[in-house]
Structure formats: structure tokens, C-alpha cells
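Heads up, the thing below is written out as C-alpha cells.
The values are calculated or read from the model by the stated rules, or taken from the named source; none is laboratory data. This is a predicted model, so every value here is computed, not measured. Here the Cβ positions follow ideal geometry from the backbone for every residue, glycine too, while neighbour counts run over all protein chains shown. Quick note on the areas: whole protein, heavy atoms, side chains included, nothing else; ligands and nucleic acids left out. Shrake-Rupley method; radii C 1.70, N 1.55, O 1.52, S 1.80 Å.
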Amino acid sequence: MSKRVKFGLVVAALLAILGFYFTIIKGISELFAETADPDRASRGDVIEYRVLFAKEVLEIRHMLFGIIPTYSERFYITTNEDGLNSLLVRADEKWFEENFTSDGLAKSPVKISALIKSASSKNGFSVTSINAQLGSLGRVDAGQYADAEYVSEATLKIISGILLITSIITCVLMLLLVLKGVLKKGGAGVSAMAIAAIIQMAGFIIIMFAI
């Protein structure tokens, strides 16, 4: 086995380890995060919160290569049952339309489960812009928000990790089979495995852009 092949295998192993950690491990840790009191929760905790009022205060539109629209994130300022505590929540538009009137009043108390996340990594997240819209509704924490979509996002992370790792395994297996003479370069078997790896990697990239 040449040094180039060995180097390629080492790189593949490192990519698999990193991919496993940042997708599958991160996704599982979010799905099984501990539930905490909303008043004492910190980043990484899950809170349960009953909402009586919600108002959209920010929309972040994501673009692929700065040209192609991919998806939008919506943030709502919410107040709980006593009307005293305000919480910034990330949720989709359908959640608002199904549970609130056009004035933002809940049709009935809305219970949400949300994961506390850091806002520092969010491009386009402007606390100044949000607070300017709030008026008497309060002020948001500059460092974090509650993500009501964390379950679906964590699930997608796990799926993307599986696709990445299977793509890497397919490429490594294809290389080893060619070196062992089981498969021939340019043969149908190599082509089929290469196509499978490309599809898996494309799935990983698409999902990562979506989250």
C-alpha cells in the first residue's frame, strides 16, 4: 500500500471522526438534553414554556452562494402565562399561524419545548433591531434564544452524519477492493459505488445547508 493511499485513509478516518462528533454526537446530545427551569436554564438545557402571546421580531433568510434562497428562520418574542417573563423563541411560521391570532394572542395556552442555544453563531441576528421593536414587551438576552425546532434539527444532524460516514466508508471500501483486485478501475462495480458515495455526500451537504 503506497504512502498516498495510507495518507488518504488517515484523512478519511479523521473526517469520519469529526463528522461523527459534530453531527451524530451533537444531535443525540440535543435530543436528550436535560429539562431545566426556564428562569435558571442555560445553553444546552431544554425548557418547557406556556406561551400566551407571540410577536415575530426577526426573520433571517439564508441563501446558497448568496444567490439561491434556501430557507428562513423566524424569531418570536413570547410572554408566558403571568405576562411578566419574555422569551425569544425560534419557531416556524406554521407554528404561529396555527396557534395565534393575527394580533399575537394565543388561541389557547401554547406549550412549547425548546432548547436554549447561543445566538453568537447566527449571521443576521441583531439584538439591537429586535429590542427596537419590543417597546414595553421587554428586552431579549443578547447571548441566547430558545429553539422550538431543535428536535427536527437534531434529527437532521444525525441523518447527515450517517450519510457522511457511509459516503466515506463507501469510498474507502471501493479503494480497498480495487487495490485487492476484486474490482477493476472503470468497471461497473466501481462506478456504482462512486455514484452511491456521491449521492450520500450530496445528501449530507443539502441537509447541512438546511440546518
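Within region 86-121, being assigned to a loop (DSSP other than H, G, I, E, B) and not charged (D, E, K, R) holds for Ala91, Thr101, Ser102, Gly104, Ala119, Ser120, Ser121. Of all residues in region 178-191, exactly one satisfies the criterion of being in a helix (DSSP H, G or I), free of Cβ contacts under 8 Å to residues at least 24 places away in the same chain and open to solvent by 60 Å² or more (accessible area, probe 1.4 Å), namely Ala188. Looking at Leu14, Leu87, Leu58, Leu52, just one residue is among the aliphatic types (A, V, I, L, M) and in contact with a helix residue (DSSP H, G or I) (Cβ under 6 Å, 6 or more places away or on another chain), and that residue is Leu58. Among the residues of region 129-169, those identified as of a type in the set (S, T, N, Q), at pLDDT 90 or above and surrounded by fewer than 20 Cβ atoms within 10 Å (Cβ to Cβ) are Ser152, Thr155, Thr166. One residue alone among Glu81, Glu56, Glu48 is open to solvent by 60 Å² or more (accessible area, probe 1.4 Å), of a type outside the set (Phe, Trp, Tyr), in contact with a strand residue (DSSP E or B) (Cβ under 6 Å, 6 or more places away or on another chain) and in contact (Cβ under 8 Å) with a residue 60 or more places away in the chain, and that residue is Glu48. Taking the options Arg74, Arg61, Arg43, name whichever one is of a type in the set (D, E, K, R), in contact with a strand residue (DSSP E or B) (Cβ under 8 Å, 6 or more places away or on another chain) and part of a loop (DSSP other than H, G, I, E, B). It is Arg43.
Listed here are the residues, each with its yes/no results for (1) of a type outside the set (S, T, N, Q); (2) at pLDDT below 85; (3) more than 22 Å from Ile158 (Cα to Cα).
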site	(1), (2), (3)
Ser2	no, yes, yes
Leu18	yes, no, no
Leu31	yes, no, no
Val57	yes, yes, yes
